[in-house]
Each structure stands twice: as structure tokens, then as C-alpha cells.
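The values are calculated or read from the model by the stated rules, or taken from the named source; none is laboratory data. Please read all numbers here as calculations on a predicted model, not as lab measurements. All Cβ positions, glycine included, derive from the backbone under ideal geometry; neighbour counts span all protein chains shown.
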Amino acid sequence: MTLAAQTAAEPEEARSIVIERLISAPRELVFSAFTTAEHLAHWWGPTGFSITTFAFEFQVGGVWRFVMHGPDGRDYQNRLVFETIEPPARILSRHGGDDDGLELASHETRVTLEPEGDKTRLTWQVVFVSIAERDRIAREYGAVEGGQQTVGRLADYVGGLG
Amino acid sequence: MPDHLSVTLSALADPTRRAILARLALGEATVGELARPFAMSGPAVTKHLNVLEKAGLIRRGRDAQRRPCRLEAARLKEAAEYLVGFRQFFEGSLDRLEDYLQELQKKD
């Protein structure tokens, strides 16, 4: 099956990951945290990660080229193209590319910001080309985080599954 | 070719089996003890236990009379890491984003 045919066969929600959070900051400020390499360096990736940016152009068609340094010492090459920018509400970008040494990830990221009183509802949706691709990425990132899991949290998790 | 993670995840894709695992997270139990909270026969529970055992999620004792079931944490841990890993990446980023925005707001 071609990739396109495979993608068409899989509903979007089945190959997505969606994270939602209410953030105690005005929407303009939350939006600005996504708009410069300096801001992004402060928070992109969980604790233990850091990034080095080589290129950053916050405009439609602009590229963010960076390396993520994992807590395990591994480097993750990243390239992201901004596809839609609607301040202060929406940023759509596409991850991946065919440069040498890049992670073979290809997914679309949709960040949506909605005001809720003096707070902001952030929705972060990552849409992968296929369920297999999502699972491959999940496995790799899961391995990075793996060392921090404990059996105690696991028991909570299993309890929550039922 | 079903790798063992796929087998584990497929075993977890059933609410009764997840409930059995949740019970076993509290300590070992016999088939009879596991069957009690569900409106299920012993053989029906045994069927689920066979799936869980094949997936490496539980182990059954040698004692022929009781054969108590025990949670096999390693395999479950692997599956849980896989399921939560990528999500944690984003949750972790958002934790840091919130801290950073707090800092920015204090400066103003």
C-alpha cells in the first residue's frame, strides 16, 4: 500500500496525539513563547532536554532548524516548517524533511490558543502520517523518558486504565 | 510478525483484563478471588488469564491447588512507558512553558 493510501485509510484521530492545558497567562504572552528561538530554548522539551537552534524564521514557509539534546546524551536533529501563522490564535507547522542526518519524522503540529478569562486554553495536536509512524515516534521518545518511570506510578496508571 | 509489545498491548485492550491487572497490582490472587468481583465463571476468567500470561503480564504460581496469579511488572512497565512516553514529552514541555511564562509575568 502506498503511504497516501494508507493515510487515507486511517482516521485522523487514530494517528494523532492531542494535549490540552489551561495556562495561567494571557493569550498574547503564550503565543509569543512560540515565536522566537530565544523563548523556545527556555521550554521546548521536558526537563533534562536542551536545544541548539541553527536557523529560525517565524513566517509562513519559514524554517526552524534545531538539535534537541536528550538527557541520555543523544542528539535529535529537527527541522520544522511554519505553514500557518495566525497571531495570537494558531500556529501550524510541519516536522521533518530530507536533509542529511534528520530524524525521519514527518508530522503536522497544530497549536491552538483560546482565551478563557485571563487564562489561555492551549491545544497541541500532533498528526502523524500513519498509526505506524506515530507508534514508531512514541516508542523512541518513550525510550528517552523510560528511566524515570517507577513501579508506583505504574500501579496508578494501571488503576486508571480500568 | 507480532513483536511482544504488540502482544502486550493487545492483551491490555480489554477492560476485564485491565481490571484483573489493577487487582493484581494490590497483591497476588487466585482464580477464584479474581472471578468474584466480575459476573464471570472460573473458566471465563481463566481464558483472560491465559491471554495475560501469554503476553508476559502475569505469572502463575506452581502450587497446583491454588496457582496464585502475580503481576509481572517488567512487561507492564515497558507497555506503560510506550503508551505514556510521547505524551510525556509534550506534557513536560508544557510544564516548562508554564514555569517560563510565570517568570516572564513576574518581570513585568
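Overview of results
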item: Selection within the stretch A:7-60 - of a type in the set (Val, Ile, Thr), farther than 16 Å from A:VAL111 by Cβ and surrounded by 18 or more Cβ atoms within 10 Å (Cβ to Cβ); result: A:ILE51
item: Checking A:GLY73 against (1) touching a strand residue (DSSP E or B) at 6+ places or on another chain (Cβ under 6 Å); (2) at pLDDT below 90; (3) exposed (fewer than 15 other Cβ atoms within 10 Å of the Cβ), the condition it does not meet; result: (1)
item: Given (1) modelled with pLDDT under 80; (2) in contact with a Leu (Cβ under 8 Å, 6 or more places away or on another chain); (3) over 20 Å from B:PRO15 (Cβ atoms), number of the condition B:ALA80 does not satisfy; result: (3)
item: Residue in the stretch A:48-57 that is at pLDDT below 90 and at the interface with chain B (Cβ under 9 Å from one of its Cβ atoms) present; result: yes
item: Count of the stretch A:129-158 residues which are in contact with a helix residue (DSSP H, G or I) (Cβ under 6 Å, 6 or more places away or on another chain), outside any helix (DSSP H, G or I) and either closer than 17 Å to B:GLN88 by Cβ or modelled with pLDDT under 65 (or both); result: 1
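Table: residues versus (1) under 13 Å from B:ALA73 (Cα atoms); (2) at pLDDT 90 or above.
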site	(1), (2)
B:SER10	no, no
B:ALA13	no, no
B:ARG17	no, no
B:LEU26	yes, no
B:ALA39	no, no
B:VAL45	no, yes
B:HIS48	no, yes
B:ARG62	no, no
